[in-house]
Amino acid sequence: MIENKKLIGTSMLTALAASICCITPVLAVLAGTTGLASTFSWIEPFRPYLIGFTVLVLAFAWYQKFKPKTAAEIDCECDDEKPKFINSKGFLFLITLFAGVMLAFPSYSHIFYSSPDASKEIVYVEQSNVKEIRVTIEGMTCTGCEAHIESEVTKLDGILHVKADYEAANTIVKYDETKVDLEKIETAILSTGYKIIK
């Protein structure tokens with residue numbers, strides 16, 4: 001039974017570790033400490049290994065639950081003692097479900113951020129005042145990172161459109177130069193904890 005508890009604990013830990021780089025920005029925004037968002041981005045290269053390890057540990061835990069019992073194990077069990085919930089298949093199912101939700105977190109993390117263009121009112125800007133920049137950013141690892149940067153930059157007055165792309169490692173910002181300047185945009189990006197590469 002102790003071995004099964006260790007397997008469950010290990011699977012929870014590896015599932016969390018595999019998604020921590022995308023969970024941290026959401027937690028940072030909720031806590032109001034957006035600068036901590038990129039703290040665990042160094043884990044991203046290890047994500048495939050952590051996912052594989054989580055799946056292997058859970059598969060082994062399920063194998064342990066369903067493998068046939070030996071005669072010694074059957075003789076040792078007390079008929080009147082009901083197994084604890086933590087040792088049940090139901091608990092292992094909940095842990096497997098939790099691990100699946102955590103492993104899939106990067107694919108749905110963007111829902112925790114408001115749509116950057118949805119809350120903005122339509123503003124008419126003289127075309128000669130509209131500028132577009134492409135900022136190279138280090139540390140983005142998923143759509144949650146993109147949404148975090150877009151959310152912070154969109155808060156600035158004069159921002160017309162923001163599109164972050166973690167795969168291209170950049171953010172494109174269209175803005176009204178009479179209301180906001182490049183320095184304010186870069187400050188907003190840096191406040192998320194990601195680094196600007198010049």
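Read-outs throughout are calculated quantities, based only on the coordinates presented, and are distinct from any laboratory measurement. Keep in mind that what you see is a predicted model, and the values were worked out from it rather than measured. Cβ atoms come from the backbone with ideal geometry, glycine included; neighbour counts cover every protein chain shown.
Packing, as the average of other Cβ atoms within 10 Å across residues, places the peptides 129-136, 58-65 in the order 58-65, 129-136, highest first. Label separation (Thr136 vs Gln64): 4.8 nm, computed from points 7 Å beyond Cα along the C-beta direction.
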